[in-house]
Amino acid sequence: MRRFFPGPMMGLLALGALPATAMAATPPAWLVHADATAKATTSAEPEGEDEDLVIIDDEEMEGGQPDDGGDDVIVDDEGGDDGGLDLGLDDGSGSAAAAAGGDEVAQDANSEEEQIKAEMGLITVVQRQRMLKKKRFELQPQFGITVNDPYVRHYTLGAQFDYWLTNRMALGLVGTGFIGAKTPRYDNIRRQEGLLLTANQVLWQANLNFTYNFIYGKIAIFNRALLHWEAGASIGGGVMQTRVIPRYESLHEPFSNFTGGGVVGFHARTYLPRINWLAFDFGVRYWLFADRLEPGQRGPDTDVGGVDLPELDPADAAKEAATLGLAHNVTFFLGASFFFPTSFEYTTPR
């Protein structure tokens with residue numbers, strides 16, 4: 001509903017209704033709106049009119065929105081807008097921030113997961129020991145070759161059986177069989193120089209030993225995988241059997257000797273990834289022992305005034321007259337270790 005008031009009367013009514021303090025302050029918006037409307041009406045009317053008419057809308061007086069066909073913005077109690085116009089208002093729920101934060105958390109989670117996957121393929125400096133051997137049995141078949149005797153070459157087949165007291169110390173038993181034969185150098189010296197060599201071959205060895213691994217390390221392979229390895233030493237003693245190679249093999253029978261000695265070894269091994277029961281070994285073993293050599297007077301002596309003792313032709317007589325000598329034997333070997341039980345568990349002190 002619209003009412004029409006003359007301009008002067010409307011102004012007097014407004015001034016009477018306001019207190020003195022309000023009059024000194026900035027005029028209200030509806031009054032400014034009324035004055036502007038009055039001026040616009042006065043300028044639009046002909047000059048013959050004496051009074052200005054102001055059209056006042058009750059809805060505007062009560063704070064409602066003008067019905068002028070403009071954009072209507074309706075703000076609900078929950079802070080949303082039906083008109084699709086973003087006023088930048090936030091009612092404290094933080095829905096927009098939560099949505100943005102959720103995306104960031106998802107991105108962070110994805111990046112963290114990707115980072116973990118990437119780090120799993122890298123090599124870390126501090127790692128647990130690859131193989132735990134404490135209270136486990138080890139069986140190690142071995143293949144080797146002797147390198148110290150230029151006249152007799154031995155190929156070895158053996159096995160080592162250890163019980164690990166700790167991850168570094170073990171007690172074990174080693175048994176090795178030897179397949180020996182004369183080298184071409186032995187026959188060449190005999191034919192070219194006319195010399196008869198005194199030589200023995202080893203038949204087998206067996207010893208008890210104590211092993212201690214004092215080095216443990218890792219080798220990076222193309223910065224993608226780690227090769228765990230360790231090295232140690234062993235010391236022990238045992239028995240062996242040797243056999244004499246007669247200088248005149250067509251005339252004399254060989255004889256055998258049982259003797260004992262000490263052994264020192266150095267070894268290294270490497271462990272395969274993800275296999276808890278297998279390792280590969282290589283090392284060297286040095287034997288020092290006393291051996292009996294064929295008597296020098298055994299056999300025909302072709303020199304003028306030479307001495308030939310036919311009584312030494314039998315093997316037993318030659319063995320009794322044999323001379324003692326200090327011999328040594330150096331063997332390089334390769335082996336593969338199998339551990340029982342085949343699995344282990346890591347434990348940490350409390």
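The values are calculated or read from the model by the stated rules, or taken from the named source; none is laboratory data. The structure displayed is predicted, hence computed values, not measured ones. As a convention, Cβ positions derive from the backbone with ideal geometry for all residues, glycine included, and neighbour counts pool all protein chains shown.
Filter region 243-255 down to the residues that are in contact (Cβ under 8 Å) with a residue 60 or more places away in the chain and either surrounded by 14 or more Cβ atoms within 10 Å (Cβ to Cβ) or in a strand (DSSP E or B) (or both) and list them by number.
Residues satisfying the conditions are Val244, Ile245, His252, Pro254, Phe255.
Regarding region 280-292, can at least one residue be identified that is free of Cβ contacts under 8 Å to residues at least 24 places away in the same chain and assigned by TED's automatic domain parsing to the domain that holds Phe333? Full working, then the answer.
Of all residues in region 280-292, those free of Cβ contacts under 8 Å to residues at least 24 places away in the same chain come to none.
No, region 280-292 contains no residue that is free of Cβ contacts under 8 Å to residues at least 24 places away in the same chain and assigned by TED's automatic domain parsing to the domain that holds Phe333.
Which of (1) over 24 Å from Ile275 (Cβ atoms); (2) modelled with pLDDT under 95; (3) touching a strand residue (DSSP E or B) at 6+ places or on another chain (Cβ under 9 Å) does His228 not meet, given it meets every other one?
(1)
Considering only region 124-191, give the strands (runs of 3 or more DSSP E) lying wholly within it that have at least 1 residues that are free of Cβ contacts under 8 Å to residues at least 60 places away in the same chain and on the phi < 0 side of the Ramachandran plot.
The strands (runs of 3 or more DSSP E) meeting that bar are 152-164, 169-182.
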